[in-house]
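Data first, discussion second: the structure below is written as C-alpha cells.
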Amino acid sequence: MTLDEFFKENPKAALGFSGGTDSCFLLAAAHRCGADVRPYYVWTPFQPRFEFEDAKKLCDEVGVALHVIEYDILKLPEVRTNGKDRCYHCKKAIFSQIALAARRDGYSLIIDGTNASDDIEDRPGMRAISELSVRSPLRECGITKSDVRSFSHQLGLFTWNKPSYACLATRIPTNTTISREMLQKIEHSENILADMGFSDFRLRIISENTAKLQVTERQMQLVLKCRSDIIKKLSPYFENIVLDLTVR
C-alpha cells in the first residue's frame with residue numbers, strides 16, 4: 001500500500017502531531033493527497049518550546065491549522081513517579097486526549113507518525129496506541145526513517161534533517177519522581193547547549209546536582225572547545241557536568 005492509497009481509503013483523520021520529522025512528513029504528504037488530516041499537538045511539561053515552535057512552523061508552511069491541547073501530564077501518578085511503564089501511561093493519556101478532541105471535531109480515525117524503522121517491541125508507548133486503535137500509515141506503507149528524510153527533502157520540508165528527539169522525561173532516571181522544576185532545568189540547559197552549536201545530544205540527570213552530557217563522536221571536539229563555557233553557563237542548574245565517553 002502507498003500513502004496515496006491509504007489516504008484514498010481514509011480521507012479524513014486526526015493526526016497525533018509532535019513537530020518531529022515523521023509526523024511533519026505525514027501531514028505534508030496527507031495534504032498533498034488531498035486528505036482532510038487535522039494535526040493535534042498535546043503540549044505537556046515534557047515537550048520543550050522549540051518542538052512546539054517547529055510544529056507551528058510546519059503547519060504554517062503546509063497551510064493547515066494546528067490544534068493545541070494543553071495537558072498537565074504530571075497530574076498522573078503513574079507518569080510522575082516515572083516507573084518502567086511511564087511511557088505507556090503517558091502515550092495512552094496523550095492519545096486519549098487527542099481522541100476526545102477528535103471525536104468532538106468529527107474525526108473517528110486517529111493516526112500517528114510511527115515509521116517502518118521503529119522497533120515497536122522496544123517502545124512501550126506503542127502498546128498504548130495499539131490499544132486505542134491508532135493507525136500508523138508510514139509503518140503500514142513500509143516507509144522507513146531514511147525514506148521519510150529523503151521524501152521530506154524532496155518536498156522542501158525544513159524538518160528533513162531534524163535530529164530525532166525524545167521527550168524531556170527521558171533525561172530523568174527511572175523511578176526518580178519527575179517534577180516540573182527538574183524538566184525546566186533540563187530544557188534551559190539543553191537550550192544553552194544548542195546555542196553553542198550542539199545538535200543531536202542529550203543532557204541526562206544523574207543526581208540532583210549532577211548531569212551527564214551525551215554527544216555524537218563528531219561533536220566531541222566541540223565539547224573540549226566549549227568546556228569552560230559549558231561549566232559556567234550550566235552552573236545555575238547543575239554543580240557538576242560529566243561527559244559520557246560512550247559514542248552515541
Q. Roughly how many whole Å is it from the C-alpha centroid of the stretch 16-91 to that of the stretch 220-241?
A. 31 Å
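Which length gain, in nm to one decimal place, applies between residue 199 and residue 170 when the Cα-Cα distance is subtracted from 0.36 nm times their residue separation?
That works out to 8.8 nm of additional length.
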Q: Using the charge dipole of the chain (Lys, Arg: +1 at Cβ; Asp, Glu: -1 at Cβ; taken about the Cα centre), state which of 62, 215, 184 has its Cα farthest towards the positive end.
A: 184
Q | Rounded to 5, the percent of DSSP beta bridges in the chain classed as antiparallel | A | 25 percent
Q: Using only the Cα atoms of the stretch 78-184, each taken as one equal point scatterer with no solvent, compute I(q) by the Debye sum, divide by I(0), and report log10 of the ratio at q = 0.09, 0.21 Å⁻¹.
A: -0.30, -1.20
**Q.** Under 20 Å from the residue 68 label point (7 Å along Cα→beta-carbon), backbone N, the stretch 91-106
**A.** 94-102, 105
(Q) Explain nothing, just the number: relative contact order of the chain, from Cα pairs under 8 Å at least 6 residues apart, as a whole percent. (A) 18 percent
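Could you work out the relative contact order of the stretch 61-179, using alpha carbon pairs under 8 angstrom and six or more residues apart, expressed as a whole percent?
This gives 29 percent for the stretch 61-179.
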Q: Express in nm, to one decimal, how much length is gained between residue 36 and residue 177 on full extension, taking 0.36 nm for each residue of separation and deducting their alpha carbon distance.
A: 46.8 nm
**Q.** Per-residue [θ]222 nm for the chain (sum of -39500 (n - 2.57) over DSSP H runs n ≥ 4, rounded to 500)
**A.** -13000 deg cm²/dmol
Q) Once you charge only the Cβ atoms, +1 for Lys and Arg and -1 for Asp and Glu, what is the size of the charge dipole of the stretch 179-243 about its Cα centre, to the nearest 20 debye? A) 140 debye
Q: Obtain the nm distance between the two label points defined at residue 108 and residue 228 by a simple spin-label model: each point lies 7 Å from its Cα along the Cα-to-C-beta direction.
A: 6.6 nm
Q) In terms of modelled amide H atoms, which long-range or inter-chain residues lie less than 5 Å from the amide H of residue 43? A) 69, 70, 71
Q. Normalised by the number of residues in the stretch 179-243, what is the relative contact order in percent for Cα pairs under 8 Å and 6+ residues apart?
A. 34 percent
Q: Could you list, in their original order, any pairs among 185/232; 56/162; 57/162; 185/233; 91/185 whose Cα atoms are separated by more than 18 Å?
A: 91/185
Q) Rounded to the nearest 20 Debye, what is the dipole magnitude of the chain about its Cα centre when Lys and Arg each give +1 and Asp and Glu each give -1 at the C-beta? A) 400 debye
Q: Between residue 146 and residue 243, take the C-beta separation as r, use R0 = 35 Å, and let me know the FRET efficiency to the nearest 0.05.
A: 0.75
Q: Mind checking which aspartates and glutamates have their Cα closer than 17 Å to the Cα of residue 75? Skip sequence neighbours fewer than 8 apart in that chain.
A: 85, 181
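Taken together, the values in this text are just the output of simple stated rules run on the coordinates, not laboratory data. None of the values given here were measured: they were computed from a predicted structure. Neighbour counts run over all protein chains shown; Cβ positions are idealised from the backbone, glycine included.
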